[in-house]
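Have a look at the structure below before the remarks.
Derivation of every value follows stated rules applied to the coordinates shown; laboratory data play no part. The structure presented is a predicted model; accordingly, all values stated were derived computationally and were not measured. Please note: Cβ atoms are built from the backbone with ideal geometry, for glycine as well, and neighbour counts cover all protein chains shown.
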Amino acid sequence: MKRLPSFAFAVTALAVMAHGQGKTDYVGDVKCAVDAIEKECKTLLASKKIEWTRVVAPLVAEAKKTKTDEAHLLLLWRLLARLQDGHAKVEPLEAGKNVKLDLPDRSSNGPGLFLCRVQQAVFVKNAWGPAAAAGLAPGMEVVTIDGLGADAWLQRRTAELADLNSFSTAQQAAFFTCHWGLSDVAGTRLELEVKTGGAKKKRTITYARCNQTPQGPAFPPPELKGDKDVFYGSTAKGLGYVHVRRCKDDLPAQMDDALAALGNVPGLILDFRGNSGGGFDHEALFGRFLPAGTTWQGGARYASAGSHPYGGPVVVIVDATVRSAGETAAGMFSEDGRAYMIGESATAGMASQKTTIELPSKLFSLHVSVSSNRARFQGGKGIEGVGIAPHELVVFDPKDLEAQRDTLIARAEALLAAFPQGKVRYDPAKAGWGPKK
């Protein structure tokens, strides 16, 4: 049997348990879903160039063969995957709350490995647990995976994942594959051929229990303080560093604590990589980065806020693991001229307004996006289905990975040493800010 990839909502017809007896009008449910999505999501379907009725026609045909509630649930997940909406999900209603899918546990098991692309080559970004035990280490080039060229293997796995999981953008899908998407059932074996020191070696990873959720930076500065949402400290060059892992409602207050601890540093790195979103007051957060008593006019009008606002130069770091509110948070700094942004890629592009579509069977509802958040961003392109594009794309240097040094943090340090002021509207000197003497 073909081994299936793992991800948050992976399901397979081979794994469903018989439950329903065909009494539900499954075809009616699917047709309702297709029509409602075409109406409610019209703007996003057009912007993503999705020919909706053509794309989902095979699934409408499959609905005629559906015999159980579980198989129906599977089909609905596959339908939403064609919507290319990272927030899309099937939610049970009262009548469907006992419809279960008998799935292997893929979410808790993995290789202990993150990968990254450098042009067309694939490299080990992080290795721990099973991968480290098999002799894998950061900076190794991965030549083949299970006998297939590494890049081709990743592309194939991404396509398999995208059949069942909805991704807002190509970069979100690609980054998902290199992190969460490597998960699989315990005992899975992954055969790799790696290149190190000019020599090719074969390594076999046996999957075991481990967390495949990326935390963000490949190698953060040591001895960071903070909690599970915000971490802060200094880089080796004495610059401030704040990793915003989640955007909870108290993010502005958490930033007050971080900025108070860092003081008047000569430059600050705001790293949003791995940010899973949330909800917070955007203007209040932005105000923490304006000198006391000042205001700033971007797409919105911002006023200085917080007990220890910071007015110096800022570099923001992103990649396609930055999702939802993490994108609007990071994006406002570049969009409204406060900071210079770098990243391996654009952000995930899953920041949107949503609606819920209840299906006639009363088994499930569909949670889908209908419009982009921050539609004013990027000349009116918004974020959903696009992502926030950084000022500068920066890929990992394999030598940095080997030395366990984060290339993007190093680049941010270099930018703060010679800040590209001509590309950022906010000027610390004109705002009355001066570096620590």
With everything on Cα atoms, drop me the angle between helix 325-335 and the longest principal axis of the chain, reported from 0 to 90° to the nearest 10.
40 degrees
Sort 185-192, 329-336, 57-64 by the packing proxy (mean of other Cβ within 10 Å over each peptide's residues), most packed first.
329-336, 185-192, 57-64
Net charge near residue 305 (other residues with Cβ under 10 Å of its Cβ; Lys, Arg +1; Asp, Glu -1) is -2
Please give the Cα centre distance for region 201-255 versus region 29-46, rounded to the nearest Å.
38 Å
Take the Cα atoms of region 304-437, find their three principal axes, and give me the spread along each one in whole Å, biggest first.
68, 41, 30
Could the peptides 391-404, 350-363, 312-325 be put in order, highest first, of the mean number of other beta-carbon atoms found within 10 Å of their residues?
312-325, 350-363, 391-404
For region 419-431, in residue order, the Karplus 3J(HN,Hα) values (coefficients 6.51, -1.76, 1.60; θ = phi - 60°; whole Hz; Gly and Pro = x) are 5, x, 4, x, 9, 10, 5, 5, 10, x, 5, 5, 7
The answer for the per residue Cα convex hull volume of the chain, in Å³, is 146 Å³
Give the cross-link partners of residue 201 among the aspartates and glutamates, using a straight C-alpha distance below 18 Å as the criterion and excluding same-chain residues fewer than 8 apart.
141, 146, 151, 191, 193, 402
Can you list residues from other chains, or at least 5 along the same chain, whose modelled amide H is less than 5 Å from the amide H of residue 188?
207
Give me the lysines in straight-line cross-link reach of residue 237: C-alpha distance below 19 Å, same-chain residues under 8 apart excluded.
225, 436, 437
Working from Cα positions, state the angle (0 to 90°, nearest 10) between the long axis of helix 150-162 and the longest principal axis of the chain.
60 degrees
Using amide H atoms built in the peptide plane, which far-off residues or other-chain residues are under 5 Å from residue 397 H to H?
407
Separation between Cα centres of region 292-319 and region 333-360, rounded to whole Å:
19 Å
Rounded to whole angstroms and listed largest first, the alpha-carbon spread of region 109-209 along its three principal axes comes to 38, 31, 21
Work out the FRET efficiency for residue 118 and residue 253 from their Cβ-Cβ distance, taking R0 = 56 Å, and round it to the nearest 0.05.
0.90
Please give the peptides 113-126, 169-182 ranked by average Cβ packing (other Cβ atoms within 10 Å per residue), highest first, as a rough proxy for protection.
169-182, 113-126
Tilt, helix 407-417 to longest principal axis of the chain (alpha-carbon atoms), in degrees rounded to tens, equals 30 degrees
Tell me the mean residue ellipticity at 222 nm calculated for the chain from its helices only (DSSP H runs of n ≥ 4, each -39500 (n - 2.57), averaged over every residue, nearest 500).
-8000 deg cm²/dmol
Taking H placed 1.01 Å from N in the peptide plane, check which residues at least 5 places from residue 143 or on another chain put their amide H under 5 Å from its amide H.
193, 194, 195
